[in-house]
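In what follows, a single structure is set out as structure tokens and then discussed.
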Amino acid sequence: MLEPDPAAPSRWIAARRASDVQVTQAITAPLLTSPGRIWWLSLLVSGIISLWFIVAVVWLFDQGIGIWGVNSTIVWGVAIANYVWWIGIGNAGTLISAMLLLTRQKWRGSINRFAEAMTLFAVAIAGLMPIMHLGRPIYAYWLAPYPNTMALWPQWRSALVWDFWAIVSYLLFSILFWYVSLIPDLATMRDRTRSHAGQRFYGALALGWRGSTRHWSRLQTLHSTMAALGVPLVCSVHSIVGLDFAASLMPGWQEAIFPPYFVVGAMYSGFAMVVVLALGIRWGFGLQAIITRRHFEVIGRILLMASIVMGYSYATEWFMAWYGGEHRERGLVAFEFTGTYAPMYWALLACNVAIPQLLWLPRLRRSLPVLFAIAIAINVGMWLERILIVWNTLSHGYMPSLWRSFHFTFWDWSFLIAPLGLFALLFLVFVRLVPAVSMFDMRELAHEEGAA
């Protein structure tokens with residue numbers, strides 16, 4: 001009979017502490033050292049593009065929405081397409097983190113932190129778009145019910161009011177969900193930073209976290225409860241965005257499939273954006289041991305599944321237009337394939353359905369350059385889908401006398417490109433202030449793998 005080794009527990013504790021130190025060091029090192037030239041250069045470029053966005057907004061408020069390519073027929077343009085695209089990316093971050101937490105997917109620990117940060121920045125940018133589209137943004141506060149001398153209340157049957165409450169509630173929830181999981185890592189930064197200002201900054205945000213058993217128990221209970229609330233909230237938010245279209249009487253928009261179709265599209269574009277951000281963080285911070293190729297392979301499979309669902313959704317739209325027998329619905333489908341925007345529609349199908357089929361091949365699914373290119377193609381395709389939902393229907397409605405096309409102006413391009421610079425600027429600041437990867441999740445994962 002083998003004698004128990006009295007030194008085994010101490011060796012296990014020492015190994016566990018060593019793994020904790022390695023994980024913590026790998027994640028905190030980029031924050032505790034001065035940034036390199038690449039980060040500063042990226043910050044400069046994104047800052048310049050952000051200034052371009054500010055100039056475009058100021059010019060819009062001064063001149064009005066006539067600087068865009070909108071007209072009396074196509075009253076929605078780039079701003080509304082951007083709103084749907086950004087809110088889709090924003091929905092995905094919390095959906096990814098919450099669903100993976102509830103399903104106990106351990107690999108979420110490598111991506112959940114920056115995916116949730118992606119949500120905050122994307123939703124904030126999305127919330128600006130309807131306000132700028134109003135034409136009279138000084139009255140945006142009328143969407144909120146408040147006591148006023150004119151006895152004015154929001155029109156609750158308006159999709160604009162639904163959007164307002166969806167964005168506000170989702171943004172507040174996302175901030176809390178992101179912050180709650182960040183508290184233990186803020187305490188670690190409080191204990192490791194050497195500057196007095198850093199200790200006070202992280203100490204205030206850590207809320208007195210000591211890492212006691214009671215603290216951990218309450219944190220895990222709260223985090224799991226919020227995740228359970230987050231999944232239906234995310235689905236409802238983008239379903240409301242889909243109802244902005246489906247609640248109308250225009251051909252091509254009266255689709256019962258729109259709410260689930262928009263939710264899947266949000267997850268699709270969000271996972272594609274996570275791939276882009278994960279590759280950047282992995283390369284910039286040298287986190288190859290934490291964000292592994294296995295993570296990208298799993299995300300590649302999810303993207304492949306979502307591309308199949310999106311293809312099925314497109315086919316459902318075509319079939320229902322034919323099966324319903326409505327002349328204008330059939331004419332709209334024909335216009336999509338052969339009309340003014342047909343090259344963009346074919347590009348949409350290529351980016352969202354055809355190109356992702358390359359992910360069936362394991363060799364391509366494990367290739368980071370290929371996965372990066374596919375992720376960029378998906379995001380381009382999803383934006384094309386958003387803008388064509390608007391343009392195709394409004395350009396080809398019930399009255400042929402009102403048929404006309406949308407033509408881009410310089411300011412349309414500005415509101416398309418410049419918000420990307422603002423998003424990049426916010427993300428670059430984020431990765432220098434707080435850990436981009438969850439330390440406590442990664443330490444827990446390292447312990448489980450060590451025990452196995």
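The values are calculated or read from the model by the stated rules, or taken from the named source; none is laboratory data. This one's a predicted model, so the numbers in the text were calculated from it and none came from an experiment. All Cβ positions, glycine included, derive from the backbone under ideal geometry; neighbour counts span all protein chains shown. Accessible surface areas use protein heavy atoms only, side chains included; no ligands, DNA or RNA. Shrake-Rupley method; radii C 1.70, N 1.55, O 1.52, S 1.80 Å.
Measuring with a 1.4 Å probe in the full set of protein chains, what accessible area per residue, in whole Å², belongs to the chain?
Spelled out: the 1.4 Å probe surface of the chain, per residue, equals 48 Å².
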- Query: Once phi is turned into ³J(HN,Hα) by the Karplus curve 6.51 cos²θ - 1.76 cosθ + 1.60 with θ = phi - 60°, what whole-Hz value does each residue of region 342-351 show in order, with x for glycine and proline?
  - Reply: 4, x, 5, 5, 5, 5, 4, 5, 5, 6
- Where the eigenvalues come from the Cα gyration tensor of region 10-149, what are the semi-axes √(5λ) of the equivalent ellipsoid, largest first, in whole Å? 43, 21, 14
- Message: Whole-Hz ³J(HN,Hα) for each residue in region 62-78, computed from phi via Karplus 6.51 cos²θ - 1.76 cosθ + 1.60 with θ = phi - 60°, x for glycine and proline: what do you get?
- Response: 7, 9, x, 6, x, 6, 8, x, 5, 9, 5, 9, 8, 7, 9, x, 5
- Item | Hz values of 3J(HN,Hα) by residue in region 417-424 - Karplus curve (6.51, -1.76, 1.60), Gly and Pro given as x | 8, 4, x, 4, x, 5, 4, 5
- Item | Added length on full extension, which subtracts the Cα-Cα distance from 0.36 nm per residue, Leu433 to Thr221 | 73.7 nm
- Please quote Rg/Rh for the chain to two decimal places, taking the Kirkwood radius as Rh and restricting both calculations to Cα atoms. 1.01
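So which trypsin sites (Lys or Arg not before Pro) in region 205-301 pass both tests, a DSSP loop state and at most 13 other Cβ atoms within 10 Å of the Cβ?
Arg210
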- Net lengthening on full extension, Trp39/Ser169 (0.36 nm per residue, minus Cα-Cα): 43.5 nm
- Task: Using Cα pairs closer than 8 Å and at least 6 residues apart in sequence, work out the relative contact order for the chain, in percent.
- Result: 30
- Message: Let me check against my output: what whole-number percent is the relative contact order of region 305-374, with C-alpha pairs under 8 Å and at least 6 apart?
- Response: 30
- Hey, any idea what Rg/Rh is for region 320-406, computing Rh the Kirkwood way over Cα pairs? 1.12
- Item | 4 °C / 1.567 mPa s Stokes-Einstein diffusion coefficient of region 74-135, Kirkwood radius on C-alpha pairs, µm²/s | 104
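So, by mean Cβ neighbours within 10 angstrom, what's the order for 319-325, 26-32 with the highest one leading? Intermediate values should be presented prior to the final figure.
Working: 319-325: 12.7, 26-32: 17.4.
Going by the mean number of other Cβ atoms within 10 Å, highest first, we get 26-32, 319-325.
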- Query: Plugging the Kirkwood radius over Cα pairs into Stokes-Einstein for region 260-319, at a temperature of 25 °C and a viscosity of 0.890 mPa s, what D comes out in µm²/s?
  - Reply: 193
- Task: Could you work out how far apart the two model spin labels at Trp153 and Gln22 are, taking each label as a point 7 Å from the Cα in the direction of the beta carbon, and quote it in nm?
- Result: 6.3
- Any idea what angle helix 327-338 forms with the longest principal axis of the chain, computed on alpha-carbon atoms, 0 to 90 degrees, nearest 10? 60
- Expressed as a rounded percentage, what relative contact order does region 219-355 have, with Cα pairs under 8 Å and six or more residues apart? 20
- Query: Taking the Cα centre of each part, how many Å lie between region 358-382 and region 77-114?
  - Reply: 18
